[in-house]
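Undergrad: For reference, the structure I am asking about is given below.
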Amino acid sequence: MYGPSQDSYLVFNAGTPTALIRYATPTDQKDHLDADLGIFAQDQWRLDKFTFNLGLRFDMLKESVPAQHFGAGTWVGARDYPAVSNVPNWKDLDPRLGLVYDLFGNGRTAIKATLSRYVQENRRPRSGQQSVGALPLGSQQA
């Protein structure tokens, strides 16, 4: 049940209040996606019964947070935060290697092998979304 200012609420268990959650409102967080880039180059070479597939992927992710001001709320005073750049600033080069051997030389039966490096996206909440670290005690993220 939220209070009238929407910055606090009670958690009930079997009709009994068990927790009071307070938020440091007002907030209107802003962030900027400065660059999100992926480039891939690939080539293939054949030598007798071997085929070589070589590739290289470049990934770049850069974000920043502008200077922000939050007015006073019920539980906290006015707050000012300076701008922060390079949160994050990632650059990755990821190789892709492939090898195919034509077993009988007729193009019908082959032995294949690959070796690659992949980067997993870090899915962090955007402005206005709740982060895992800010979930109320005892709650679960869907």
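Read the figures in this text as sums done on the coordinates, not as results from a lab. Since this is a predicted model, take the numbers as computed values, not measurements. Don't worry about glycine lacking a Cβ; one is built from the backbone with ideal geometry, like all the others, and counts go over all protein chains shown.
Undergrad: Would you mind computing, in nm to one decimal, how far apart the modelled labels at residue 104 and residue 42 are, each placed 7 Å from Cα along Cα→Cβ?
TA: Going by the 7 Å Cα→Cβ label model, 2.7 nm.
Undergrad: Please tell me the relative contact order of the stretch 29-120 in percent, rounded to the nearest whole number, where contacts are Cα pairs under 8 Å and at least six residues apart.
TA: With pairs under 8 Å counted, the relative contact order is 26 percent.
Undergrad: Please arrange 103, 61 by counting, for each residue, the other beta carbons lying within 10 Å of its beta carbon, fewest first.
TA: The order, fewest Cβ neighbours first, is 103, 61.
Undergrad: Compute the Rg to Rh ratio over the stretch 29-120 from the alpha carbon atoms, using the Kirkwood formula for Rh, and round to two decimal places.
TA: Ratio of gyration radius to Kirkwood radius: 1.39.
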